[in-house]
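Each remark here refers to the structure printed beneath this line.
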Amino acid sequence: MIDEGSGLIVIDIQNQFVNDLPEEMNGEEVAEYAKKVLKFFRENKMPVIHLREIHRKQIVDFGRELDGDESVHCVEGSKNCEYYKGLEPMDNEYQIVKRRYSGFFATDLEILLKGLNIKRLYIIGLLTDVCVHYTCADAHQRDFYIKVIKEAVGGSSLASHNAALNAINYLQHNAVISYNELIK
């Protein structure tokens, strides 16, 4: 299913987010599917871009993020902030640090995607209803095609996860695909 002009965006698959997924989301299972997707893109020699949320130790860059249900998280230098085991970037893959939900907000993601001539974004990561959803919405507004692999994303709850997948599908029909659809 992948073609030239495609790339994989791995969003915030970090220790804290995998470990904090609700039981109904099964963080280990989501991470295992993410590993399969990552392996598929690596074997097909397609570009991989890892996004990672990191906040300064001084807690000065959270903005309004702490006004909702989230507490201080992903503080630089902490174990929680590290990539989840088996999902670390390889030397030839790209890494972008972000301080907000969307991978596009105040980062050079769009510049990198244009430099790599990527028009179709395959997306995996956490949380479906937060960073994945916001990144997809911003990608859509920048005229990128989006495909979210549903087994390789997890949300703050099953209801929020499903609502986010429905919202993403609303933006672009058939934007949510299965792992099996990806590898066909």
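Computed quantities for the displayed model
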quantity	calculated
Test: residue in the range 129-140 that is among the hydrophobic types (A, V, I, L, M, F, W, C), within 22 Å of residue 65 (Cα to Cα), touching a strand residue (DSSP E or B) at 6+ places or on another chain (Cβ under 7 Å) and open to solvent by 20 Å² or more (accessible area, probe 1.4 Å)	no
Odd one out for residue 104, checked against (1) in contact (Cβ under 8 Å) with a residue 12 or more places away in the chain; (2) over 20 Å from residue 42 (Cβ atoms); (3) over 15 Å from the mean Cα position of the chain (by Cα)	(3)
Subset of the range 48-67 [surrounded by fewer than 17 Cβ atoms within 10 Å (Cβ to Cβ) and touching a Leu at 6+ places or on another chain (Cβ under 9 Å)]	59
Identity of the residue in the range 68-119, among the hydrophobic types (A, V, I, L, M, F, W, C), open to solvent by less than 40 Å² (accessible area, probe 1.4 Å) and not in a loop (DSSP other than H, G, I, E, B), that ends up farthest from residue 145 (Cα to Cα)	75
Residue that is nearest to residue 142 (Cα to Cα), among those in the range 53-67 that are touching a residue at least 40 places away in the same chain (Cβ under 8 Å) and outside any loop (DSSP other than H, G, I, E, B)	53
Residue check, residue 162 farther than 26 Å from residue 73 by Cβ, surrounded by fewer than 18 Cβ atoms within 10 Å (Cβ to Cβ), at pLDDT 95 or above and not hydrophobic (A, V, I, L, M, F, W, C)	no
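The values are calculated or read from the model by the stated rules, or taken from the named source; none is laboratory data. None of these values were measured; they are calculated from a predicted model. Because the Cβ atoms are built from the backbone with ideal geometry, glycine has one as well, and the counts that use them run over all protein chains shown. Heavy atoms of the whole protein, side chains included, go into the accessibility calculation; ligands, DNA and RNA do not. Shrake-Rupley method; radii C 1.70, N 1.55, O 1.52, S 1.80 Å.
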